[in-house]
Structures are given as structure tokens and as C-alpha cells.
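Input: a single structure, listed below in C-alpha cells.
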Amino acid sequence: MGRLDAANVTTLSIQEGQSPGESLELIEAHGVGTWTWLLDAGEVIWSQGMSHILGIEHVPEQQSLEKYEKLVHPEDRPDFRNPTRAVASAIMTDREYRILRPNGELRFVRSYGRLIHSRDGRPERLVGVAFDVTETRQALQALHQREGLKAALRELFDVVIWTTEADGQVRDEIEWWHATGQRGRVDNWNRLDIVHPDDRQKVRDAWEQALRNRRRYSVACRVMMGDRYVPVISRASSVLGRHGAIESWVGFTVRQDANFAVGLDLARDVTPPLSPGQVRAARGYLGWSAEQLAEHAGVSFSTVRRVETPGERGVRDQSVAAIRTALEKAGITFTTGSDGRTGVSLKPAEA
């Protein structure tokens with residue numbers, strides 16, 4: 001299980017026969033802590049989970065209002081010396097604040113409190129629960145930054161930014177609707193409905209080739225915008241996870257008559273990528289070693305080895321193009337069938 005927050009802490013089920021102490025220990029193991037402010041005594045005490053959030057060793061006899069106050073960011077400290085004002089302002093009932101751990105780490109905490117009265121009706125203590133929400137806040141910040149970047153790119157280059165799942169399926173239908181105007185459920189290949197009928201197979205083939213080769217998707221086609229078809233260029237690149245697997249694709253679509261599209265090299269996208277097997281087979285036809293291919297192409301030996309390694313993506317497009325050019329100059333022809341199968345042949349020597 002991951003870290004809990006206020007929205008899902010109640011999803012932890014307590015097994016029959018489990019003591020309150022065991023339940024609290026289970027909850028506090030997931031980034032939750034509890035605290036109590038004794039108003040008359042001017043003391044603050046907290047649980048082991050709260051000590052973990054604060055980044056300190058849990059030593060109950062060393063807990064004090066002064067120690068807790070020092071850990072709270074100076075700009076977020078309530079007036080601990082005036083508990084009456086704190087109670088009247090209700091600041092402790094629902095707030096987010098920052099703490100500075102002893103190691104210098106800044107963390108964000110969400111806290112909810114409740115005022116407990118004595119039998120004679122006087123405010124006696126505040127009790128509460130706190131959640132470390134640093135990761136959640138950072139994720140939201142990253143999301144806002146990403147959305148801001150996408151908005152800036154749209155404004156600068158007049159492009160549509162979109163994302164898909166690892167298999168090329170549209171990730172965010174609402175985003176797709178706003179970008180394309182297409183309505184209804186977008187799954188499988190019905191997103192091709194906005195593509196000109198004569199271009200649909202080309203778009204599908206381009207995607208399938210990109211998925212097979214784990215390389216960039218690129219296609220020029222016509223899509224419906226408003227009441228007419230408009231020529232566009234679409235490109236996408238895969239986003240890899242920590243272990244090298246494709247997690248998603250991010251791409252853009254731009255009208256071919258847009259200023260940004262003028263500088264795009266469409267001819268480069270027509271050339272299918274080389275497979276490792278094609279390069280090895282081409283060397284075999286020519287009787288070249290990897291060192292000889294590197295010399296003819298003007299690249300390093302390690303670059304040739306990476307190009308010939310299945311799944312390797314750390315090679316620049318310019319290096320692959322240099323290898324292709326060297327082999328083609330030597331008489332090699334590379335082929336890719338409509339079914340995606342690749343081939344190699346050697347042109348006969350001229351008489």
C-alpha cells in the first residue's frame with residue numbers, strides 16, 4: 001500500500017479482534033500522525049506517526065510546544081502563545097502548512113483538528129490528525145507545469161498536443177474531444193473517423209510501425225476540422241519508464257500550412273527505420289566487419305553495435321542515417337513490406 005491522505009484513510013479496514021492501538025499503528029505506518037494541543041497547559045503532544053512526518057525520533061518525554069514550533073515553517077506558524085486567538089480563528093481545524101525537518105528537508109502537511117470542551121464548557125484541548133501530502137502536492141504541481149507547457153506550445157506553434165497509452169490508444173478522451181472535435185467514445189481505431197477515408201490506412205500503418213519499432217510516429221494526412229478536411233502533420237514520440245518499457249506516447253498535430261510546419265522535414269519521415277537484423281544482414285552481404293561499417297559511415301564502433309542491438313534506443317537519427325547511406329552506397333537495398341516485414345538485398349554488380 002502507498003501513502004494515505006485524507007481522502008482514502010477510511011478505506012483501511014480493521015479486522016475483527018484488532019485493538020485500537022494496532023489499528024492506529026497500521027494507519028500511522030502510511031504517513032498519518034495525530035496531535036493534541038493542551039490549551040491550559042500550553043503543551044503539544046503527538047504520536048509516533050507525527051514524529052515520522054516531522055522527521056524526528058519519537059521521544060515522548062522530549063515533546064514540547066517550543067520543539068514543535070521550531071519545526072513549522074516560520075511563515076506558517078500560528079500564534080501558539082495565544083491559544084484563545086487560535087481557537088477563535090479556527091485556523092487549527094483545517095489547514096495546510098510546511099515543516100522544516102532537522103535535515104533541512106521541506107515537507108507539506110495537511111492537518112484537521114477539533115476543539116474539545118471541558119465539562120463546564122471551557123475550551124480544553126485541540127485534537128487532530130495530520131497527513132504528509134508532499135508527494136501529492138508535487139504531483140499536482142508537475143501536472144500544472146505540464147499543462148502550462150502544453151498550453152504555451154499550443155500558443156507558440158499553433159499545434160494540438162495529445163497523449164496516448166502505450167498501445168497508441170487515446171489516453172484522455174476529453175482532451176481528444178477538445179483537440180479534434182470528435183465526439184463519442186474513442187476506443188480501438190474509431191478515432192480514425194476524423195481522418196480522410198483515403199488516408200486512414202496510412203495513419204494506421206504508421207502507428208503500427210511505430211509500435212513495432214518503438215520509434216517516432218510521423219504521418220501526413222487530412223483530418224476533418226469544422227466542415228472540411230485539412231492537411232496536417234502528426235508526430236509522436238514514446239515515453240519510456242524506468243525499465244525501458246513504453247509507458248505512453250506524446251505527440252502533436254499541426255496544419256501543413258502553419259508556419260511551424262514549413263520547417264518540418266517530411267521526406268525524413270517517409271524513410272522507415274532500420275532494424276538490427278537488416279544492418280547485420282547488410283554487413284553479411286558486403287562481407288564487412290562492424291569496424292569496417294563504422295569506418296565507411298563515419299561513426300564509432302560502439303554506435304554500430306548499438307544499432308545492431310534489439311531494443312536499443314540510445315542512437316541519434318543522424319548516426320542511423322549515416323549507416324544507411326554507407327550501406328546503400330555499397331549496393332544495399334532495404335525493404336519494408338506492407339505487413340511490416342523487413343528485408344535486405346544486394347544490387348547486382350554492373351557489367
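The values are calculated or read from the model by the stated rules, or taken from the named source; none is laboratory data. Please read these numbers as outputs of a predicted model, since none were measured by experiment. Backbone-built Cβ (ideal geometry, glycine too); neighbour counts: all protein chains shown.
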It is to be established whether one or more residues within region 176-186 are at pLDDT 85 or above and hydrophobic (A, V, I, L, M, F, W, C).
no
Among the residues of region 64-72, are any at pLDDT 85 or above, of a type in the set (Asp, Glu), surrounded by fewer than 17 Cβ atoms within 10 Å (Cβ to Cβ) and under 24 Å from residue 116 (Cβ atoms)?
yes
Give me the pairs, please: first residue somewhere in region 134-156 and over 18 Å from residue 110 (Cβ atoms), second residue anywhere and aliphatic (A, V, I, L, M) and surrounded by 11 or more Cβ atoms within 10 Å (Cβ to Cβ), beta-carbon distance under 8 Å, and either six or more positions apart or on two chains.
150/161; 153/159; 153/161; 154/160; 154/161
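Counting only residues that are out of contact with any Gly (no Cβ under 7 Å at 6 or more places or on another chain) and either modelled with pLDDT of 65 or more or crowded, with 16+ Cβ neighbours inside 10 Å (or both), how many does region 1-23 have?
At the first step, the residues of region 1-23 found to be out of contact with any Gly (no Cβ under 7 Å at 6 or more places or on another chain) are 1-2, 5-23.
Applying the additional criterion that residues be either modelled with pLDDT of 65 or more or crowded, with 16+ Cβ neighbours inside 10 Å (or both) yields 5-6.
Summing the residues that are out of contact with any Gly (no Cβ under 7 Å at 6 or more places or on another chain) and either modelled with pLDDT of 65 or more or crowded, with 16+ Cβ neighbours inside 10 Å (or both) in region 1-23 gives 2.
Being of a type in the set (Lys, Arg) and touching a strand residue (DSSP E or B) at 6+ places or on another chain (Cβ under 9 Å) is the filter here, so list the residues in region 137-163 that pass it. Before you say what the answer is, go through the steps one by one.
Quick first cut of region 137-163, residues of a type in the set (Lys, Arg) only: 137, 146, 150, 154.
Selection gives 137, 150, 154.
Regarding region 333-343, can at least one residue be identified that is among the acidic types (Asp, Glu), in a loop (DSSP other than H, G, I, E, B), closer than 25 Å to residue 209 by Cα and at pLDDT below 85? Explain how you work it out, then say what you get.
Initial filter on region 333-343 (among the acidic types (Asp, Glu)): 339.
The next check asks that each one be in a loop (DSSP other than H, G, I, E, B); those that pass are 339.
Next, only the ones that are closer than 25 Å to residue 209 by Cα stay: 339.
Filter once more, keeping what is at pLDDT below 85: 339.
Scanning region 333-343 turns up at least one residue that is among the acidic types (Asp, Glu), in a loop (DSSP other than H, G, I, E, B), closer than 25 Å to residue 209 by Cα and at pLDDT below 85.
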Any residue at all in region 211-227 that's loosely packed, with under 15 Cβ neighbours inside 10 Å and modelled with pLDDT of 85 or more?
no
Which of the numbered conditions does residue 264 fail, given that it passes all the others? Conditions: (1) surrounded by fewer than 18 Cβ atoms within 10 Å (Cβ to Cβ); (2) at pLDDT below 75; (3) assigned to a helix (DSSP H, G or I).
(3)
